[in-house]
Amino acid sequence: MKNFLSFFILVFLFILEAKPQSLASLLDSALSSENEAESIFEFVKSKISSEEELKDFWIAKHKHYSRTNDREKMMQVEKELLPILTELNDHKELTDFHYRISYYYEVAGLYDQAIAFSFKALDHAKKAGNPGLISSMYKSLSQNHRLFHDFDKAIEYGKLTFISAEEAGEKYINEQVLGLNITGAAFSEINEPDSAIYYYDKVLTLLPLLDSMSVAPTIGNIAYAYLLAGDIEKSRKYNLAALDLFLKTDNYYAIAVVYINAAMTENQDKKYDQALIYLDSGIVYTQKSQYAEMYKWIYDEQHKIHKAMGNYPEALNSLSNLLTIKDSLFNTERAEIAKDLEIQYQTSLKDQEIAAQRLSLLERDKSFQRSIFALLILVLAIAALLVIYFLAKSRQAKEKQLLLQQKALEVKEAYINAALESQENERKRFAQDLHDGFGQLISALRLNISRLNETENIQNKIGVVEKSESILKEMHTEIRNIAFNLMPATLIQYGLKEAIREFAQRINSSGKVQIDIDIHGLEERLDELQEISLYRVIQEWINNILKYAEAQKIQIQLVKHENEISVMIEDDGMGFDQKLLKNSKGNGWRNIQSRLNRINASLDLDTSPNRKGNSLIIEMPLSYKNQNV
């Protein structure tokens, strides 16, 4: 496949040589190509014959790397392109140049840097005297201030977006629409739907309703404003209208936003199943748009919906996803890389400015040329040595940091894999319980009931009914056992203390092992996550004792201290080598560690393969519940 692709590129370049094309059309081909862009750029570079063509070449490469979100290659191009545009005083292209950098940082979530480059773009737009560019840069500033939660500034620049376009005349009606939309969106963010709808209604006076794609963003914004105002039916109506328009386009960001808004509307109307369907679609288009900010909205809404439905495990999972995306490794790593690259970029620009100033001084004062030149060489030599030294130090630090990050990623990946495999095993066990236990009881009940039609004797029918009642009691017991294994109702209703006692009582009833419970000072409920995590850890460890230790007695102690809770589990079973846990292919030990890490708890295990008796000690900081589970 790789050889075929290389052959295809060679044939493509041969065709370009045989059939000359304008440089502009070749650059357009590169921008529209996903796989051959680099090859086309290399071919075009060899054909450049003027400064204007060189400028167009670097602009096209900058656009290409902007579309692929490759900031490092963008900055490599900027070292070549910025001096050219600056020398030509091409303020229009300088506006687009800085806007592309601003947009990268907006998508990356670095809104302060996005705002800084938007101001630079606005300055060049004003120097170019282009009303459309000026209005667009005001719109960019409004958007980034809104994402930065500076809503007063967002409203101010939204209004300037509209005013600057309105003053320029009807030619810039689309810019006027953008200004009204971005201003209305800012009012929605501060929960002022009446003000938001006022600006959206002004849009509808400029454009015929549903007559142009230019009105599609307004319709989506109106839907959200009516949701804030509490008018569910109007919100639903405008959401559907916006989807109908946007689904005809490849604007994945807008489609994702409308699906999320539609989910919020259905959630408000307590139509939770439909809301979750909309959120699933929102996830699909968020992945296509690569706009990470929207995952935060999706997981926040999923958490609210599952909680309202009483689906607490899913609500907890969505909340976990929300907290993860807010401070995810991906975003943190991406932000750190972007900041490092920007520092390198700014340093490079400063070096160029210093070199230019030195050259200017040499030209002004010829008499000191030799001494200045010698001084320059000396300074550059010292600077080079310093740069080499600091680069070496920086490289060592980065290598160390990368190793730590890689280790952290491996640990996190192991925890995630363990959790996923544990969930899958739990599902298999649940399915097996239903099939082997409940399924057989249903078959027996069906067979027993069918006998009612086969006999006329009243005593026989009474016997069949009594037998059916007995089977139903067994089914009821089976259901309770399955439900207990999934999530004990006692844990949810009465807390950790009572749940552990019930768990011990169930095991003691088997008569094979005796579990004694000793609890001191745990009168108040703990945090929900702490209760579930501690219960699962205790349950997992007791199950391991029953499977492998051949213990006869188990002692569980829970003691509340001033600032922490300690849990100690002791048994009289066979000891073992602790390395077996770390090297185990199973997920039990990893699940225990993962759950304890989530509640900031520590673990200490005392066991040896040459003696009987094992003890596990857990220490966890206190955190009482403020309300019932």
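Model label sites at residue 277 and residue 404, defined 7 Å from Cα along the beta-carbon direction, differ in position by 4.9 nm. Sorted on the mean count of surrounding Cβ atoms within 10 Å across their residues, most packed first, peptides 262-269, 110-117 read 262-269, 110-117. Per residue, the accessible area of the stretch 69-200 comes to 42 Å² when a 1.4 Å probe rolls over the protein heavy atoms.
Using the alpha carbons alone, the radius of gyration of the stretch 149-302 stands to its Kirkwood radius in an Rg to Rh ratio of 0.97.
Return the subset of 234/304; 497/547; 237/270; 45/120; 512/553; 45/79 for which the Cα-Cα distance in this structure is over 19 Å, preserving the input order. Beyond 19 Å: 234/304; 497/547; 45/120. What a 1.4 Å probe finds exposed on the stretch 492-573 is 43% carbon and sulfur by accessible area, rounded to a whole percent. Each Lys or Arg adds one and each Asp or Glu subtracts one; over the other residues with Cβ under 14 Å from the Cβ of residue 280, this totals -3. With the convex hull drawn around the C-alpha atoms of the stretch 239-297, the volume per residue stands at 64 Å³.
The stretch 550-613 and the stretch 106-145 have Cα centres spaced 58 Å apart. Seen from every direction in turn and averaged, the convex hull around the alpha carbons of the stretch 224-326 projects onto 6.0 nm². Compared with the alpha-carbon gap, the fully stretched path from residue 574 to residue 514 is longer by 20.0 nm at 0.36 nm per residue. Eigen-decomposition of the gyration tensor built on the alpha-carbon atoms of the stretch 62-111 gives equivalent ellipsoid semi-axes of 20, 12, 8 angstrom, largest listed first. Per-residue surface analysis assigns residue 622 an accessible area of about 40 Å², computed on protein heavy atoms at 1.4 Å probe radius.
The accessible area of residue 58, taken with all protein chains in place and a 1.4 Å probe, comes to roughly 30 Å². Inter-part distance, the stretch 271-285 to the stretch 152-182, computed on C-alpha centroids, equals 33 Å.
Each distinct pair of alpha carbons in the stretch 156-231 adds a 1/r term; the inverse of their mean, the Kirkwood radius, is 12.2 Å.
Hydrodynamic radius of the stretch 62-194 by the Kirkwood approach over all distinct alpha-carbon pairs: 15.1 Å. Size descriptors for the stretch 539-629: radius of gyration and Dmax over Cα atoms are 14.4, 47 Å.
The values are calculated or read from the model by the stated rules, or taken from the named source; none is laboratory data. Quick caveat: nothing in here was measured; it's all calculated off a predicted structure. Cβ sites come from the backbone with ideal geometry, for glycine too, and all protein chains shown count toward neighbours. All accessible areas refer to the heavy atoms of the entire protein, side chains included, with ligands and DNA or RNA removed. Shrake-Rupley method; radii C 1.70, N 1.55, O 1.52, S 1.80 Å.
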